[in-house]
Every structure is written in C-alpha cells, then in structure tokens.
Amino acid sequence: MVREGYWFGLPPLLLGLLLLGIGRGWFFACGAFLVFLGLFVFSFFRNPDRVVPADPALIVAPADGRVVVVTPETEKGCPGKRISIFLAIWNVHVNRAPAAGKITNLEYKPGKFLAAWDQNASFQNEQNVFTQSTEYGEIVYKQIAGWVARRVVAWKNAGDQVARGERIGLVRFGSRVDLWLPGDPEILVKVGDNVKGGSSVLARMPRHSHG
C-alpha cells in the first residue's frame, strides 16, 4: 500500500473501532460504516507488484482500468495513436511508465473536473503531462483528474530515467490516464478491454523506429 493510504484510511478506521467499542445503537452503526470506509480506502491505495513483459518493443499499460479510447491522434505536429484508460474507484490507482526512457518534461495543467469517462476530460481536466524520450521516439502520457479524483500526484521529475513498468505516480479515486505513441504502433487492445498497469501489453512498437 502506498503511504497516502495510511493518511486517509487510519482516521476513519480508528474512529470506527472506537465507536464499535461503545457497542450499541447509533454508535455501532456509525462505527461499522467508518470501519468499512477505512478498509475500502486501504484497498484503494493498494500497490501490488507486477510482472513486466521482457520484450522492450512492448508498451505496457500505464494504469489499471478499462480501455475507453483507441484513436489516431496528432501530438505536437506528429501523427500517432492515443489509448485512454478509465480507472474506476475499485482499480489500483498507482501509475507506471509504459516504456523505458528519460522523462524530458513534466507539466502540470490546471483545469476542470469533468467525469473521467467524458471524452473532453483528456483535454479540459486538471492533469500531469509526462513527455518521455524512448528508443522508439517521444511518447506522452497523462494523469488526468476526474469528478471524484481531484488530485494527481507525480513521483518523478523531469530528467529522471525510468524503467518500463516503474511506478511514476498516483491519481486518487476515479480518474483517467492517456497514452500517446508516435508513428504507427501495432495496437494490441480494443475499447472495452480491462488492463493492468505494468503488465498488460497495449502496443508493439515497430522495430524500424529504433534510434
């Protein structure tokens, strides 16, 4: 579990146990609810290990969740493809680097808090935008806040080297993560697929794009 889980989970859990100790009526009902809430928060902030595929040409999911968009998209004048993943409140919310390389830029963009499944969330919501150089070219991925998730947390900085599947940050509660890949990668998922960050393969980069 990530450290934030203790900050958010312990207060309701401890208060709930105190109320349960009183053991009757309204106190018992409130205590049971608070204990449930604390345990749910602990579950939300879980941080499991993942097995990262060995082939460096494989791009792994930056987040757990459901694929909601697969579309051609131009980024900074370059053609490519975007994959968007919606994270429900029961998904793991730790985010991971989809490829190995160097984070060349990390930009925080304030914005709205549209529901994370809204197509406009990718462009209008508060977000952290990671730009990363890789052997396959420059990729871009975004931690996007949602209606419930109003905090995006980056654990890395511009200039950091990251391994494929390495933990790079956290988004709290329901949210969205977008990934843009340059050129014409072979997309290996479709809308509706459920993926796991760091282990599920989203795409295969063309071998000729090395360099």
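Exactly one residue out of Gly23, Gly65, Gly16 is at pLDDT below 75 and surrounded by 19 or more Cβ atoms within 10 Å (Cβ to Cβ), and it is Gly16. Pairs under 6 Å by beta carbon, first residue touching a residue at least 60 places away in the same chain (Cβ under 8 Å) and farther than 22 Å from Asp193 by Cβ in region 74-90, partner assigned to a strand (DSSP E or B) and not basic (Lys, Arg), six or more apart or different chains? The qualifying pairs are Glu75/Val140; Glu75/Trp180; Cys78/Pro182.
Listed by first and then second residue, the pairs with beta-carbon distance under 6 Å, at least 6 apart or on different chains, first residue in region 57-71 and more than 9 Å from Ile83 (Cα to Cα), second of a type in the set (S, T, N, Q) and part of a loop (DSSP other than H, G, I, E, B), are Ala61/Ser200; Asp64/Asn91; Gly65/Asn91. Check whether at least one residue in region 148-155 is within 24 Å of Pro182 (Cα to Cα) and at pLDDT 70 or above, and report yes or no. Taking every residue of region 148-155 in turn, at least one turns out to be within 24 Å of Pro182 (Cα to Cα) and at pLDDT 70 or above. Give region 179-204 a look and list any residue that's surrounded by 17 or more Cβ atoms within 10 Å (Cβ to Cβ) and among the basic types (Lys, Arg), or say none. Result: Lys196, single match.
The values are calculated or read from the model by the stated rules, or taken from the named source; none is laboratory data. None of these values were measured; they are calculated from a predicted model. For neighbour counting, all protein chains shown are included, and Cβ atoms are generated from backbone atoms with ideal geometry for every residue, glycine included.
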